[in-house]
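Notes to accompany the following structure.
The values are calculated or read from the model by the stated rules, or taken from the named source; none is laboratory data. These numbers come from a predicted model, not from an experiment. In this analysis, Cβ positions are derived from the backbone assuming ideal geometry, glycine residues included, and neighbour counts consider all displayed protein chains.
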Amino acid sequence: MAKVSAPGKVILFGEHAVVYGEPALAVAVNLRTTCAAMPSRRVLVNDAEPNRMRDAYILSSIVSGWAYLDRKVSVWVSSSVPTSSGLGSSAALCVACVGALRALEGDIDTEDIAKRAFDAEYRAQGGASPTDTSTSAHGSGVLLAKEMTDGYLWTVTKGENVWHVHHRAVPKVGIVVGDTGVRASTAMMVGKVRRFVERNAFARDLVKEIGEITMEGARALEKNDLELTGRLMERNHRLLLTLGAGHPMLDKLVRAVKPHSYGAKLTGKGGGGSIVALTDRPEKAAAAIEASGGKAYVLSPADRGVGVDEA
Ligand code: MEV
């Protein structure tokens, strides 16, 4: 039996644009998914026959993580990452499951797990960037960039896209998430934005602008310039709305936290899901979110990425 856990994440800059090879900056957070795995005579998920739809990410992770395709495995999963909320629940699931299978084979290597988990998520979702899986695998802050720079970890490629993955330290600042309660699937939102980007030069310009803001945001965060970081997050939010990833409830929560934060924006796929705010007054930001009908999570960065837990 091997038991492995991996964190969820928030994206501070660059979601959607990163799918087209632009940069993104994400932070692993203290919500985790755990997967225990044991070889068995047939594939079982939480002691039941797997369901192809419900367990798509787990089944895909078994294909990507298990070296011997003819061998079967029983997995048990549990998670504190809310699903379909933009907090990286699918990536944490893929990273934890791939990690547990690699641990069974005695081969826990973070880069290898990040790459296999990206393949698993990409296949189950029909498209993805490695942002969520690399952040969940590494922990801490992660910058995906077009060029290699300080803190280089590994490179992920898919088709024409090349993402260089880097470690980034996270400044001491409160991270508050506001979940709208409106559910949207990542596959659907990535598909919606993709149709816009493929057909429209204006959308492609938006994607490039998000990429530029992401690199500016990464530099601002490195200098601990939280005022500038917050302003750039709000610009990123407006560009994401124009790209089609908005929802009225996301705007309502962004407006509600504004007086209590450096900045806020939708995080993850949008169309519902969550906002993220950087703040020195997390309790006030959380209260404003709850008063506007959202569910607030006061989170902290998780330095620990994928790792073996006591079985
Ligand atoms: C989802 O957390 C972030 C997206 O950019 C999709 C991806 O990067 O795979 C919307």
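For G106, the test of being farther than 28 Å from K295 by Cβ, within 16 Å of the ligand (Cβ to nearest atom) and at pLDDT below 95 is failed. Within region 155-253, which helices (runs of 4 or more DSSP H) (wholly inside it) include 2 or more residues that are closer than 27 Å to L31 by Cβ and more than 15 Å from the ligand (Cβ to nearest atom)? Of the helices (runs of 4 or more DSSP H) lying wholly inside region 155-253, those with at least 2 residues that are closer than 27 Å to L31 by Cβ and more than 15 Å from the ligand (Cβ to nearest atom) span 201-222, 226-243.
Check whether at least one residue in region 131-139 is within 16 Å of the ligand (Cβ to nearest atom) and more than 18 Å from L12 (Cα to Cα), and report yes or no.
Keep residues of region 131-139 that are within 16 Å of the ligand (Cβ to nearest atom), which gives 131-138.
Add one more test, that the residue is more than 18 Å from L12 (Cα to Cα), and what stays is none.
No, region 131-139 contains no residue that is within 16 Å of the ligand (Cβ to nearest atom) and more than 18 Å from L12 (Cα to Cα).
Consider region 69-94 and keep the residues that are within 18 Å of the chain's Cα centre (by Cα) and part of a strand (DSSP E or B). The one that is farthest from the ligand (Cβ to nearest atom) is S78.
Within region 53-68, restricting attention to residues that are out of contact with any helix residue (DSSP H, G or I) (no Cβ under 7 Å at 6 or more places or on another chain) and assigned to a loop (DSSP other than H, G, I, E, B), the residue that is nearest to S5 (Cα to Cα) is D55. Of all residues assigned to region 212-222, none qualifies as being closer than 21 Å to P171 by Cα, surrounded by fewer than 16 Cβ atoms within 10 Å (Cβ to Cβ) and touching a residue at least 60 places away in the same chain (Cβ under 8 Å). Residue count for region 277-292 under the criterion of being assigned to a loop (DSSP other than H, G, I, E, B) and among the basic types (K, R): the result is 1.
Would you mind stating whether D150 is surrounded by fewer than 17 Cβ atoms within 10 Å (Cβ to Cβ), more than 16 Å from Y57 (Cβ to Cβ), of a type outside the set (S, T, N, Q) and at pLDDT 95 or above? Break it down stepwise before answering.
Details: surrounded by fewer than 17 Cβ atoms within 10 Å (Cβ to Cβ): yes; more than 16 Å from Y57 (Cβ to Cβ): yes; of a type outside the set (S, T, N, Q): yes; at pLDDT 95 or above: yes.
It is true that D150 is surrounded by fewer than 17 Cβ atoms within 10 Å (Cβ to Cβ), more than 16 Å from Y57 (Cβ to Cβ), of a type outside the set (S, T, N, Q) and at pLDDT 95 or above.
Residues in region 115-129: is at least one within 14 Å of the ligand (Cβ to nearest atom), surrounded by 19 or more Cβ atoms within 10 Å (Cβ to Cβ) and part of a loop (DSSP other than H, G, I, E, B)? Yes, because at least one residue in region 115-129 is within 14 Å of the ligand (Cβ to nearest atom), surrounded by 19 or more Cβ atoms within 10 Å (Cβ to Cβ) and part of a loop (DSSP other than H, G, I, E, B). Of everything listed in (1) more than 12 Å from the chain's Cα centre (by Cα); (2) in a helix (DSSP H, G or I), the single unmet condition for D150 is (2).
Of the residues examined, V98 is not one that is more than 24 Å from I175 (Cβ to Cβ), more than 12 Å from the ligand (Cβ to nearest atom) and in a strand (DSSP E or B).
The one condition from (1) surrounded by 24 or more Cβ atoms within 10 Å (Cβ to Cβ); (2) more than 11 Å from the ligand (Cβ to nearest atom); (3) more than 14 Å from L93 (Cβ to Cβ) that A48 does not meet is (1). When the residues of region 1-19 are narrowed to those that are part of a strand (DSSP E or B) and farther than 28 Å from G263 by Cβ, which ends up nearest to the ligand (Cβ to nearest atom)? Filtering region 1-19 for residues that are part of a strand (DSSP E or B) and farther than 28 Å from G263 by Cβ, the one nearest to the ligand (Cβ to nearest atom) comes out as S5.
Could you grab me the full set of residues in region 20-35 that are near the ligand (Cβ under 10 Å from one of its atoms) and either without any contact (Cβ under 8 Å) to a residue 40 or more places away in the chain or over 19 Å from M233 (Cβ atoms) (or both)?
In the first step, residues of region 20-35 are kept if they are near the ligand (Cβ under 10 Å from one of its atoms); the result is 20, 22, 24, 26.
The answer is Y20, and nothing else.
In region 74-101, the residues that are under 11 Å from K3 (Cβ atoms) form Cβ pairs under 7 Å with partners that are of a type in the set (K, R), at six or more places apart or across chains, as follows: A100/K3. With respect to the conditions (1) free of Cβ contacts under 8 Å to residues at least 12 places away in the same chain; (2) over 25 Å from H164 (Cβ atoms); (3) not hydrophobic (A, V, I, L, M, F, W, C), G263 falls short on a single one, namely (1).
The lone criterion from (1) out of contact with any strand residue (DSSP E or B) (no Cβ under 9 Å at 6 or more places or on another chain); (2) closer than 17 Å to S134 by Cβ; (3) at pLDDT below 95 left unmet by G65 is number (1).
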